[in-house]
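Have a look at the structure below, then the notes.
The values are calculated or read from the model by the stated rules, or taken from the named source; none is laboratory data. All figures in this text were calculated on a predicted structure; none of them were measured in a lab. Glycine gets a Cβ as well: all are built from the backbone with ideal geometry, and neighbour counts include every protein chain shown.
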Amino acid sequence: MTVTPDSICRMPKAELHLHIEGTLEPGLCFRLADRNGIKLAYGSVADLKAAYRFANLQDFLDLYYQGTHVLIEEQDFYDLTWAYLEKARTQTILHTEIFFDPQAHTGRGIPFERALGGITRALGDAEAKLGLTSNLIFCMLRHLDAASAERTLDQALEHKDRLAGIGLDSSEVGHPPENFKAVFERARKEGFRAVAHAGEEGPPEYVWGALDLLGVSRIDHGNRALEDAALVDRLVRDRMPLTVCPLSNLKLSVVDDLARHPLREMLERGLMATVNSDDPAYFGGYLNENFLAVWAALDLSEGQLFTLVRNSFEASFAEGARKQTLITRLDDFAKSEGWQTG
Ligand code: HPA
Ligand code: ZN
């Protein structure tokens, strides 16, 4: 049977690269601003939406950090997270690994515990009510210094049971992985998994740094790794997952046209690519829209779609039995659709 848009939407999926602050839809932004007595710089939802045009990563980040200012109370973080999880459920996402940026909140006087509390309460409800499993990853803002990252790790260590890993995000160029070598080393010694954004705008050297200095288990984005043949060999040999975000890449001009997106080439070169939405409220689509867009633009086969999802289940930090259940769900789906996956 051939792939249809409907079958892509029904396909079981995992999401491994999703910034919860990047799921703040304009409507919710206005509701939270209202609830918290905050005056936004935009007069209406339409005005805010019209501002979602970005020349590059920094352009986007400026608006993204501005958006976080409406998140004040624990319930705000709950509502934000719950809205994403309900959406994820409608997109047949069975497992999700969520980033949050503690310093974007503590830096404006919101306690770490308050943000964490609201997010994890929603994650708990999603598992109980929707059967959707998750892991939470705290990201270090790389435009801030290592001392701030160390203090954030100290806070995270007080809540080890609710956090799976450490990540690295924000403005990439000029903020190389080596700045965070010590904090990542300490986090890994404490049992956290490590991931890092690398090769989105930054050069292949930053991907090498994420591997060799930060000890990551996944590379977030990784597009520019393709410029370095030795790096590609290393990533293939290690089966290092890349959490690729097609619509994000298009909106931030990492690619100029989805038809020239490197995802297909990544698969053909044996890289362990996955598809993710990054900041869906800002980039024009959640996970299904990302799959539909690359499927159409790159003419992906059913075998390639299957591989992308299977990669994301394998690359997840879900515990063993859950991972097996996810993979079985995908196998059953492919069989029932009559997909050729070999
Ligand atoms: N890149 C870096 N930092 C980010 C991103 C991204 O795509 N989204 C939110 N923070
Ligand atoms: Zn990201």
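Taking the range 196-216, which residues are touching a Cys at 6+ places or on another chain (Cβ under 9 Å) and either part of a loop (DSSP other than H, G, I, E, B) or more than 12 Å from ligand 1 (Cβ to nearest atom) (or both)? Once the filter is applied, which keeps residues that are touching a Cys at 6+ places or on another chain (Cβ under 9 Å) and either part of a loop (DSSP other than H, G, I, E, B) or more than 12 Å from ligand 1 (Cβ to nearest atom) (or both), the range 196-216 yields only Glu200.
Residues that are buried (at least 19 other Cβ atoms within 10 Å of the Cβ) and within 17 Å of the chain's Cα centre (by Cα) do occur in the range 298-309.
Exactly one residue out of Asp228, Asp220 is surrounded by fewer than 18 Cβ atoms within 10 Å (Cβ to Cβ) and of a type in the set (D, E, K, R), and it is Asp228. Is at least one residue of the range 214-224 touching a strand residue (DSSP E or B) at 6+ places or on another chain (Cβ under 7 Å), among the charged types (D, E, K, R) and modelled with pLDDT of 95 or more? Yes, because at least one residue in the range 214-224 is touching a strand residue (DSSP E or B) at 6+ places or on another chain (Cβ under 7 Å), among the charged types (D, E, K, R) and modelled with pLDDT of 95 or more.
Checking each residue in the range 155-195 for being within 16 Å of ligand 1 (Cβ to nearest atom) and over 16 Å from the mean Cα position of the chain (by Cα) picks out Val173, Gly174, His175, Pro176, Pro177, Asn179, Phe180.
Working only within the range 39-61, note down all residues that are loosely packed, with under 12 Cβ neighbours inside 10 Å and aliphatic (A, V, I, L, M). Give the derivation first.
We begin by selecting, within the range 39-61, every residue loosely packed, with under 12 Cβ neighbours inside 10 Å; these are 39, 41, 43-44, 46, 50, 53, 55.
Within the range 39-61, Ala41, Ala46, Ala50, Ala55 meet the criteria.
Filtered by the rule that a residue be touching an Asp or Glu at 6+ places or on another chain (Cβ under 9 Å) and either more than 16 Å from ligand 2 (Cβ to nearest atom) or in contact (Cβ under 8 Å) with a residue 40 or more places away in the chain (or both), the range 62-72 gives Tyr64, Gly67, Thr68, Val70, Leu71. For Leu71, the conditions (1) assigned to a loop (DSSP other than H, G, I, E, B); (2) closer than 21 Å to Thr120 by Cα; (3) away from ligand 1 (no atom under 16 Å from the Cβ) are fulfilled apart from (3). On inspection, Leu32 qualifies as away from ligand 2 (no atom under 16 Å from the Cβ) and touching a helix residue (DSSP H, G or I) at 6+ places or on another chain (Cβ under 9 Å). Within the range 101-113, not a single residue is more than 20 Å from Phe138 (Cβ to Cβ), more than 13 Å from ligand 1 (Cβ to nearest atom) and of a type in the set (Val, Ile, Thr).
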